[in-house]
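Okay, structure first, notes after.
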Amino acid sequence: MKVICTILLLSSMLFGQVLYEEYFTGGVAQLQWDPWVDPSVMTVVSDPTTPGGDSWIGCVSNDAAPIAAVFSGDYGLNDYSVEAYIFTEVAAAMGPYNGICIRIDTATGVNSLYQLISDFDNDARLRLRHITGATPTVIRDWSSGEIPGGVPSTSSWHKFKLTVIADSIWAYYDDVELPGCPYIDDRVTKGYFGIYFFGILVDSTRCDDIVVTGPTGISEYGSEPVSTFRVYPNPFRSNADIRYQVPDMENPTVIIYDAAGRLVRDLSSQMSVIGDQVSVSWNGRDGAGNAVAPGVYFITDVKSNALEKVVKLR
């Protein structure tokens, strides 16, 4: 029960703050949507099939090109999640890409970003990719049995989600984490979120219920500190020294979780306690002695609910 409660706590502390919402309620967009590819536009149209149930959706189109993309939010966004319902088109050939974007960096004049898109023509796949300028790089394709629910046979609404923390990327489809996550890619560190479309036979994509959430309760993100953890070095390669202070030292615990809330290592039996000071080291291995993958991990004290972020280098 303690582990379950800690995972729930970790999830809420990581991404419990709603930063932006877009439901197109009443036929009006709540956010300002700017063209990532000129002259793309986000319009609000009536649609009785909307997953939100209010009969209003967003429609992204571009009359001048087969690519339509819009963005919103704050350029300074770095670690966050974006989710949206996307109407995925299914076609026999040359079907469109439909999907979401995260960390759209427009500051350098050469757009750079990450995307999760559907490609439900003969390729029958979901695709996670990085784009710089006009050059896409595939990070991972999922096809056949890897796609939750299978490849749809007809055009329909599906939920897309991307989460980025430091250089780790998680992709979700219909609320199911896709195989192999997280993926490590450090080419884009911050940027806007958006909706993307590419198509020849179809001229727009539909979207609804766009929600962006950010981390809460972690001092590194600018909120009030919730712990006295000190981790050195951080990031680290082979070993990190962890120290923290709590006023009540009855049954202190130090547990490592990954960013998805999965238990990685319980270090409680290895702690050294002197007065109100706790110290322990972590060698970057899980409970079975296996080296963990590079990425972001979280140290938590179950009793005090203290939480701190630690990054393991490649």
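You can think of it this way: the chain between Glu146 and Ala93 has 17.0 nm of extra reach, that is 0.36 nm per residue less the Cα-Cα gap. Here the calculated FRET efficiency for Leu263 and Tyr75, from their Cβ-Cβ distance with R0 = 41 Å, stands at 0.70, rounded to the nearest 0.05.
Among Met271, Met94, which comes first, then next, by fewest other beta-carbon atoms within 10 Å?
Neighbour counts put them in this order, fewest first: Met94, Met271.
Ellipsoid fit via the Cα gyration tensor, segment 101-160: semi-axes of 26, 11, 9 Å, each the root of five times an eigenvalue, largest first. Put in line by how crowded their Cβ is, counting other Cβ atoms within 10 Å and starting with the fewest, Val37, Val90 read Val90, Val37. Sorted from greatest to least, the principal axis extents spanned by the alpha carbons of segment 133-203 come out as 36, 28, 19 Å. In this entry, segment 17-214 is assigned a mean projected area of 10.1 nm², taken as a quarter of its C-alpha convex hull surface. As a ratio to 2.2 N^0.38 Å, the alpha-carbon radius of gyration computed for segment 53-126 takes the value 1.26.
Taking a Cβ cut-off of under 13 Å around Ser40, the surrounding Lys, Arg, Asp and Glu residues balance to a net charge of -4, with basic ones at +1 and acidic ones at -1. Database remark: amide H of Asp74 closer than 5 angstrom to the amide H of Phe193 (H placed geometrically; neighbours at sequence offset of 5 or more, or on other chains; Pro and chain starts carry no H).
Per residue, the chain reaches -1500 deg cm²/dmol at 222 nm when only DSSP H runs of four or more residues are counted, each adding -39500 (n - 2.57). Total lysine pairs in the chain at Cα distances under 22 Å, for residues eight or more apart or on different chains: 5. Under the criterion of Cα pairs below 8 Å and six or more residues apart, the relative contact order for the chain equals 19 percent.
Every read-out reported here was derived from the displayed coordinates using simple, explicitly stated rules and does not represent laboratory data. Since this is a predicted model, take the numbers as computed values, not measurements. A quick note on method: Cβ atoms are made from the backbone with ideal geometry, for glycine too, and the neighbour counts reach across all protein chains shown.
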